[in-house]
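Quick notes on the structure that follows.
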Amino acid sequence: MSQSQAQKSKRQQLLEARARSLAQRVARREPRRKEDFEVALFAVGAERFGLPVAALREVLALPPITALPLGCPWIAGVAQLRGVLVTVVDLGVWFDVPGRGRPTYLVSLEMAGRVLALSVDEVLGFRSVSNDELTAAEAGTAAASARPIRALTSDLLTILDPEALFEHPELRFE
């Protein structure tokens, strides 16, 4: 056997050993519980938000946004996404997040053929959330009832409610 074939064989053995090791780690993982759900994580200022992945359409760099006159202060305007004008909600303004930065990303949502985008400062990744770790949302205040919050987690992640967001009376989808 030549030296290059020996190196190739050794490399192949190393790769196969790594693959077996990774396969064993995956097999040992605890199966996901039925009540768990995945959320996309993003930040606005110091606040962290989660959006159920089922409603997530895409995440993209912030395109130009055209402001709309006489709208809600938390509606940043509209942006063109793949040839379609989409309403952009500024979560930092809506949730009155202190220390919010200038948004750099759009998190696009889709439900029942309707599309909406949220402007956020930072995209943090994904996480599995269990219903066991959810606490009641900030119920009781008029401002809270107008916000699309599904729940809060024990580590203060705000889980957004996409259905409530799309049903908000200030948003139009025509």
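The values are calculated or read from the model by the stated rules, or taken from the named source; none is laboratory data. Here the structure is a predicted model, which is why all the values come from computation and not from measurement. Counting neighbours? That spans all protein chains shown, and the Cβs are built from the backbone with ideal geometry, glycine included.
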Selected residue (criterion: farthest from Asp161 (Cα to Cα)) from residues of segment 105-118 that are under 12 Å from the mean Cα position of the chain (by Cα) and free of Cβ contacts under 8 Å to residues at least 60 places away in the same chain
Leu106
Residue pairs meeting the criteria (Cβ under 6 Å; at least 6 apart or on separate chains; first at pLDDT below 80, in segment 126-151; second part of a loop (DSSP other than H, G, I, E, B))
Ala144/Glu138
Please go through (1) within 15 Å of Glu122 (Cα to Cα); (2) in contact (Cβ under 8 Å) with a residue 40 or more places away in the chain for Arg102 and return the number of the only condition it doesn't satisfy.
(2)
Among the residues that make up segment 52-60, is at least one of them in a strand (DSSP E or B), more than 21 Å from the chain's Cα centre (by Cα) and modelled with pLDDT of 80 or more?
no
Selected residue (only one of Arg33, Arg102, Arg11 is more than 18 Å from Asp161 (Cβ to Cβ), modelled with pLDDT under 90, outside any loop (DSSP other than H, G, I, E, B) and not small (Gly, Ala, Ser))
Arg11
